[in-house]
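What follows is a single structure, written as structure tokens, with notes after it.
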Amino acid sequence: MPARLDSIDRKILKELQADGRITNVELASRVGISAPPCLRRVRALEEAGYIKGYHAEIDRHKIGLGVLAFVRLDADRNTGERTREMEEAIRRIPEIVSCHYISGTGTFELQVVARDLDAFSQLAREVLINLPNVKDLHTSFSLGEVKASSSLPLGHLKP
């Protein structure tokens, strides 16, 4: 595992975030090294856990998921066992695309997608409110995306 990312590693991460399908030859050219050491570096970054995987970014609207909701779940009790039960149940619901522990009011903040408001309403009434240990839920709906990116900033990695 690289103890410190050098400038080539940072360039590799930047390029792969922009285009995960780039060929190794093109990646090597963009970062200024030859293909064999570039491939070794990519594999080392993968093995060290810097690169967790590769995926296609799908437009949710194109596949009929027009609603994006932010749902704050309030837990009835915040004990280790009850929280683990909630986590496991949340992981099994495909409409929940993101879940975070939060500070302040509430226990979890979810991002939930649905076809439309009726589908979301049904999910909220039949599934979300019935998750283990849920006391209450509070929902806000996205009225439009200003920015949605899975790319992480890398500027702080510079020496």
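Angle check, please: helix 80-91 long axis (alpha carbons) against the longest principal axis of the chain (alpha carbons), in degrees 0 to 90, nearest 10. For 80-91 against the chain, the angle is about 70 degrees. Can you tally the net charge around Val67? Count Lys and Arg as +1, Asp and Glu as -1, for every other residue whose Cβ sits under 12 Å from the Cβ of Val67. Around Val67, the surrounding residues sum to -1.
Each Cα pair under 8 Å and six or more residues apart adds its separation to the average, and for region 5-157 the resulting relative contact order is 26 percent. Taking the chain as the region of interest, the number of lysine pairs whose Cα atoms are within less than 22 Å, with members eight or more places apart or on different chains, is 7. Computed from the Cβ-Cβ distance with R0 of 22 Å, the FRET efficiency linking Val127 to Ser149 stands at 0.20. Could you list which residues have their amide H under 5 Å from that of Asp76, counting only those 5 or more apart in sequence or on another chain, with H placed in the peptide plane? Placed amide hydrogens put Val134, Lys135 under 5 Å from Asp76. Comparing Ala148, Ile63, Ser121 along the charge dipole axis of the chain, the residue lying farthest to the positive side is Ala148, per the Cβ-charge model.
Give the peptides 18-31, 137-150 in descending order of average Cβ contacts within 10 Å, highest first. Before the final figure, lay out each step's value.
On the way: 18-31: 14.1, 137-150: 9.4.
Listed from highest to lowest mean packing, they are 18-31, 137-150.
Karplus-derived 3J(HN,Hα) values for region 105-110, using 6.51 cos²θ - 1.76 cosθ + 1.60 with θ = phi - 60°, are 6, x, 10, 10, 10, 10 Hz; glycine and proline are entered as x.
Please give me the summed charge of the neighbours of Ser121: other residues whose Cβ is under 13 Å from its Cβ, Lys and Arg +1, Asp and Glu -1.
-2
For a label point 7 Å from the Cα of Glu109 along Cα→C-beta, name the residues of region 120-142 whose backbone N is under 12 Å from it. Residues passing the 12 Å test: 140.
Coordinate-derived values only; no laboratory data. Predicted model only: the values in this text are computed from it and were never measured. Positions of Cβ are generated from backbone atoms using ideal geometry, with glycine treated the same way; all protein chains shown enter the neighbour counts.
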